[in-house]
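Beneath this line is the structure, given in structure tokens, with notes to follow.
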Amino acid sequence: MNDELQDLYQEVILDHNKRPRNFRVLDGGRQAEGYNPLCGDRFTVYLQIDNGLIKDVSFQGSGCAISKASASLMTESVKGKSIEEAKATFDEFQKMLTGPTDAPTDNLGKLTVLAGVRQFPVRVKCASLAWHTLKSAVDARDEVVSTE
Ligand code: ZN
């Protein structure tokens, strides 16, 4: 990756950290809480599902810049998608963070700004926390998700 692109990616992450999208409580839907003890990131993901489609999704909480930006990007990414599509995106995102450097990222769109996290294994949990929490909200389990 060239420096210019790296800077651009950095900018997107900082922007989403500063002005997180869909950062609000959503009433009348499912929700789940996620916690990353390694870093102290803690988020609640709210979800409204209609006919297998993610009608609306939001989050609240606090954490490091990576976890917050990733949660913000996650809500933008899955809104309007079907549950299946969202799960497929999560799989691809997870592969980008933990897989070989040439793992396909065709369906990730803006989420590729987080590819640099791969170089920092501790940060992978920050980046994937919101996604694990989303998955838990989809399954509507009433428990705190831990990355441990
Ligand atoms: Zn973190």
Quiz item: Could you give the angle, 0 to 90 degrees to the nearest 10, between helix 3-18's Cα long axis and the longest principal axis of the Cα atoms of the chain?
Solution: 30
Exercise. Can you tell me the dipole magnitude for region 1-47 around its Cα centre, using point charges on the Cβ only (Lys, Arg +1; Asp, Glu -1), in Debye to the nearest 20?
Key: 400
Quiz item: FRET efficiency for D15 and S62, Cβ-Cβ distance as r, R0 = 22 Å, nearest 0.05?
Solution: 0.80
Self-check item: Proximal lysines relative to K55, as straight alpha-carbon distance under 19 Å, when same-chain residues fewer than 8 apart are discounted
Solution: K79, K81, K87, K135
Self-check item: Difference of contour (0.36 nm per residue) and Cα-Cα distance, A88 to Q6
Solution: 26.9 nm
Quiz prompt | Helix axis angle, 65-78 relative to the chain longest principal axis, alpha carbon, degrees | solution = 60
Quiz item: Which value, in Å³ per residue, describes the convex hull spanned by the Cα atoms of the chain?
Solution: 98
Quiz item: How much net charge surrounds Q94 when only the other residues with a Cβ under 13 Å from the Cβ of Q94 are counted, with Lys and Arg +1 and Asp and Glu -1?
Solution: +3
Practice problem: Go ahead and estimate [θ] at 222 nm for the chain from helices alone: -39,500 (n - 2.57) per DSSP H run with n ≥ 4, summed, over the residue count, rounded to 500. | Solution: -14500 deg cm²/dmol
Self-check item: Cβ-based charge dipole, the chain, positive-most Cα from T89, V124, F43
Solution: F43
Quiz prompt | Filtered trypsin sites (Lys or Arg not before Pro), region 11-69: DSSP coil and at most 13 other beta carbons within 10 Å | solution = R24
Quiz prompt | Amide proton proximity set for T147, modelled H, under 5 Å, gap of 5+ | solution = Y35
Practice problem: Determine the relative contact order of region 3-139: mean sequence separation of Cα pairs under 8 Å and six or more apart, normalised by residue count, in whole percent. | Solution: 28
Quiz item: Can you give the angle from 0 to 90° between the axis of helix 83-98 and the longest principal axis of the chain, with both taken from C-alpha atoms, to the nearest 10?
Solution: 30
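Can you check what the Kirkwood hydrodynamic radius comes to for region 55-102, Cα pairs only, in Å to one decimal?
One decimal place: 11.8 Å for the Kirkwood radius.
Coordinate-derived values only; no laboratory data. Everything numeric in this text was worked out from a predicted model, so none of it was measured. Note that we place each Cβ from the backbone using ideal geometry, even for glycine, and neighbour counts take in every protein chain shown.
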